[in-house]
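The values are calculated or read from the model by the stated rules, or taken from the named source; none is laboratory data. Keep in mind it's a predicted model, so treat the numbers as computed, not measured. Heads up, the Cβs are rebuilt from the backbone with ideal geometry, glycines too, and the neighbour counts pull from every protein chain shown.
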Amino acid sequence: MELSSKISVSFFFFFFLFALIANAQDSPQDYVNAHNAARSQVGVPNIAWDDNVAAFAQNYANQRKADCQLVHSGGGGKYGENLAWSSGDMSGVDAVKMWVDEKAFYDYNSNSCAAGKQCGHYTQVVWKNSVRVGCAKVKCNNGGTFIGCNYSPPGNFNGQRPY
């Protein structure tokens, strides 16, 4: 094989590998696994991927491509929702981890967040009655990343504990 052919093959392989890595941790199973790892820590049954919920998430994420703003969709009245944004790339697994990290601010006994902290993303991830999830990721026009996950049925009802 001549040198230019070897370079072409190496070049192709590099970009193929880069494409695989760039899409790593964004598959439906990656999102589900990240959610279920957190749910299993508190004894909550697994959540399952739902293509209809994912279609809702994708439709809304597409609407956020222009501005990448963390504005909730309202869930169409039937979905819970977690959103994440990054100025660069972010994987779906990283977004779920960011939400789950709010566990440190959640007090189960008082069913509340620590003063000045957020924990509602975490409680939605582990909400026992939310049994279906669908997520989407888009690259925004400003170069940022917008990720949204929707949950059915929705969680985070005032006065109710997640599990």
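Just one of 143, 74, 92 is small (Gly, Ala, Ser), closer than 18 Å to residue 61 by Cα and at pLDDT below 95; which is it?
Answer to the selection: 74.
Return yes when residue 129 is of a type outside the set (Lys, Arg), surrounded by fewer than 17 Cβ atoms within 10 Å (Cβ to Cβ), touching a Pro at 6+ places or on another chain (Cβ under 8 Å) and under 18 Å from residue 32 (Cα atoms) and no when it is not.
Against the criterion (of a type outside the set (Lys, Arg), surrounded by fewer than 17 Cβ atoms within 10 Å (Cβ to Cβ), touching a Pro at 6+ places or on another chain (Cβ under 8 Å) and under 18 Å from residue 32 (Cα atoms)), residue 129 qualifies.
Given the conditions (1) in contact with a helix residue (DSSP H, G or I) (Cβ under 9 Å, 6 or more places away or on another chain); (2) hydrophobic (A, V, I, L, M, F, W, C); (3) within 23 Å of residue 163 (Cβ to Cβ), which single one is not true for residue 54?
The one condition residue 54 does not meet is (3).
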